[in-house]
Amino acid sequence: MAFIHDYANLAENISNDAKNYDRAYSYFISKRYYVFSHYFKNFFQILKLIDDAELTDIQKIKYVEILKSQLSQHELTFIFYDSIYPIGKKIQKSLIEKFHLFTELNDQFIVTELKVQYLQSAYFR
């Protein structure tokens with residue numbers, strides 16, 4: 001329950017002020033990153049495996065679509081915020097943009113001003 005409470009506080013703090021994002025997310029991960037850090041590492045290792053595989057682009061997109069179908073809106077939201085956190089996420093961000101990871105992301109879960117952190121390709125095929 002503490003995780004859900006902290007996530008709700010994070011969402012509220014970020015939605016109140018996009019400039020507050022770095023501080024709010026930093027506070028959140030300092031308390032709860034151990035709960036989901038393995039999730040991000042696993043997800044992006046699978047995405048990188050698909051990207052590095054000797055497959056056609058169409059096959060890669062198909063596998064990424066299968067992977068994306070496993071994500072809830074809240075999980076996509078976490079990926080959205082975690083990948084723009086300023087500590088070493090360039091590989092994640094480039095894979096998100098390459099594979100259009102946020103085509104199904106509901107705008108109500110994110111701060112619109114932060115969408116510019118990603119190229120348009122992250123949102124559209």
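The values are calculated or read from the model by the stated rules, or taken from the named source; none is laboratory data. All of these numbers come straight from a predicted model, not from anything done at the bench. Reconstructed Cβ throughout: ideal geometry from the backbone, glycine too, with neighbour counts over all protein chains shown.
The single condition among (1) of a type in the set (D, E, K, R); (2) modelled with pLDDT under 75; (3) under 30 Å from Glu65 (Cβ atoms) that Lys48 does not meet is (2). Taken as a whole, the condition of being over 29 Å from Asn20 (Cβ atoms), surrounded by 13 or more Cβ atoms within 10 Å (Cβ to Cβ) and either free of Cβ contacts under 8 Å to residues at least 12 places away in the same chain or touching a helix residue (DSSP H, G or I) at 6+ places or on another chain (Cβ under 6 Å) (or both) applies to Ile50. Is segment 100-110 home to any residue that is assigned to a helix (DSSP H, G or I) and farther than 22 Å from Asp22 by Cα? For segment 100-110, residues assigned to a helix (DSSP H, G or I) and farther than 22 Å from Asp22 by Cα: absent.
Restricting to segment 53-70, name every residue that is more than 21 Å from Leu105 (Cβ to Cβ) and surrounded by fewer than 12 Cβ atoms within 10 Å (Cβ to Cβ). Ala53, Glu54, Thr56, Asp57, Ile58 - these are the residues of segment 53-70 that are more than 21 Å from Leu105 (Cβ to Cβ) and surrounded by fewer than 12 Cβ atoms within 10 Å (Cβ to Cβ).
Val116 meets the conditions (1) surrounded by 13 or more Cβ atoms within 10 Å (Cβ to Cβ); (2) closer than 21 Å to Lys19 by Cβ; (3) of a type in the set (A, V, I, L, M, F, W, C) in every case but one. The failed one is (1). The number of residues in segment 73-106 that are of a type in the set (Val, Ile, Thr) and surrounded by fewer than 16 Cβ atoms within 10 Å (Cβ to Cβ) comes to 3. Give segment 32-57 a look and list any residue that's part of a helix (DSSP H, G or I) and β-branched (Val, Ile, Thr), or say none. Answer for segment 32-57, where residues must be part of a helix (DSSP H, G or I) and β-branched (Val, Ile, Thr): Val35, Ile46, Ile50. Considering only residues that are more than 20 Å from Arg23 (Cα to Cα) and either in contact with a Gly (Cβ under 7 Å, 6 or more places away or on another chain) or part of a loop (DSSP other than H, G, I, E, B) (or both), look in segment 72-99 and name the one that is modelled with the highest pLDDT. If we take residues in segment 72-99 being more than 20 Å from Arg23 (Cα to Cα) and either in contact with a Gly (Cβ under 7 Å, 6 or more places away or on another chain) or part of a loop (DSSP other than H, G, I, E, B) (or both), then Phe99 is modelled with the highest pLDDT. Listed by first and then second residue, the pairs with beta-carbon distance under 6 Å, at least 6 apart or on different chains, first residue in segment 59-71 and farther than 17 Å from Glu97 by Cα and at pLDDT 95 or above, second among the charged types (D, E, K, R) and part of a helix (DSSP H, G or I), form an empty list. If we scan segment 84-105, do we find a residue that is in contact with a Leu (Cβ under 7 Å, 6 or more places away or on another chain) and within 15 Å of Asn42 (Cα to Cα)? Yes: one or more hits.
Among the listed residues Lys93, Lys60, identify the single one that is under 12 Å from the mean Cα position of the chain (by Cα) and of a type in the set (D, E, K, R).
Lys93
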